[in-house]
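Structure record follows, encoded as structure tokens.
The values are calculated or read from the model by the stated rules, or taken from the named source; none is laboratory data. On a predicted model such as this, the values are computed, not experimentally measured, just so you know. Note that each Cβ is placed from the backbone with ideal geometry, even for glycine, and that neighbours are counted across all protein chains shown. Heads up: the accessible areas ignore ligands, DNA and RNA and are worked out on the full protein's heavy atoms, side chains in. Shrake-Rupley method; radii C 1.70, N 1.55, O 1.52, S 1.80 Å.
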Amino acid sequence: MLTPSNAVESLAALAQEHRLAAYRLLIQAGEPGLSAGAIAKRLDLPPSSLSFHLTHLARAKLIEQRRQGRSQIYRANYVAMTGLIDFLTENCCGGASCGPRVACATIAREDAA
């Protein structure tokens with residue numbers, strides 16, 4: 001179970017432009033992940049800067065890494081992100097069933113007012 005301090009650490013790790021971009025890139029890459037070199041190239045970041053940002057994401061457990069030959073392969077930790085989203089929406093809509101239709105209906109009511 002995610003604690004408030006873990007949630008803050010995860011959100012803080014994502015609250016930086018390059019780390020958010022790297023995380024979103026890894027989400028798009030899926031289970032195979034990407035090498036550090038591929039991430040650096042796509043984000044146009046020097047390897048030392050990328051390493052700094054990936055360390056923050058790994059410390060927050062938002063990404064995982066594995067060695068493949070001489071490369072480090074990074075991938076998103078989907079379990080951790082799902083846990084963060086579940087934590088943030090734990091008491092969503094006061095326990096009532098909610099989703100896109102409820103959100104759209106709420107917005108429509110507010111626009112009509």
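One line per residue, one yes/no per condition, for (1) small (Gly, Ala, Ser); (2) in contact (Cβ under 8 Å) with a residue 40 or more places away in the chain; (3) open to solvent by less than 50 Å² (accessible area, probe 1.4 Å); (4) out of contact with any helix residue (DSSP H, G or I) (no Cβ under 6 Å at 6 or more places or on another chain):
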| position | (1), (2), (3), (4) |
| --- | --- |
| Glu9 | no, yes, no, yes |
| Leu20 | no, no, no, no |
| Pro46 | no, no, no, yes |
| Ser49 | yes, no, yes, yes |
| Glu90 | no, no, no, yes |
What do you reckon, is Ala13 more than 12 Å from the chain's Cα centre (by Cα) and open to solvent by less than 40 Å² (accessible area, probe 1.4 Å)?
no
Considering only residues of the stretch 65-85 that are open to solvent by 70 Å² or more (accessible area, probe 1.4 Å) and among the basic types (Lys, Arg), which is nearest to Leu14 (Cα to Cα)?
Arg66
Within the stretch 62-83, can you find the residues that are more than 9 Å from the chain's Cα centre (by Cα) and touching a residue at least 60 places away in the same chain (Cβ under 8 Å)?
Gly83
Every listed condition ((1) modelled with pLDDT under 95; (2) of a type outside the set (Lys, Arg); (3) in contact with a strand residue (DSSP E or B) (Cβ under 8 Å, 6 or more places away or on another chain)) holds for Leu54 save (1)
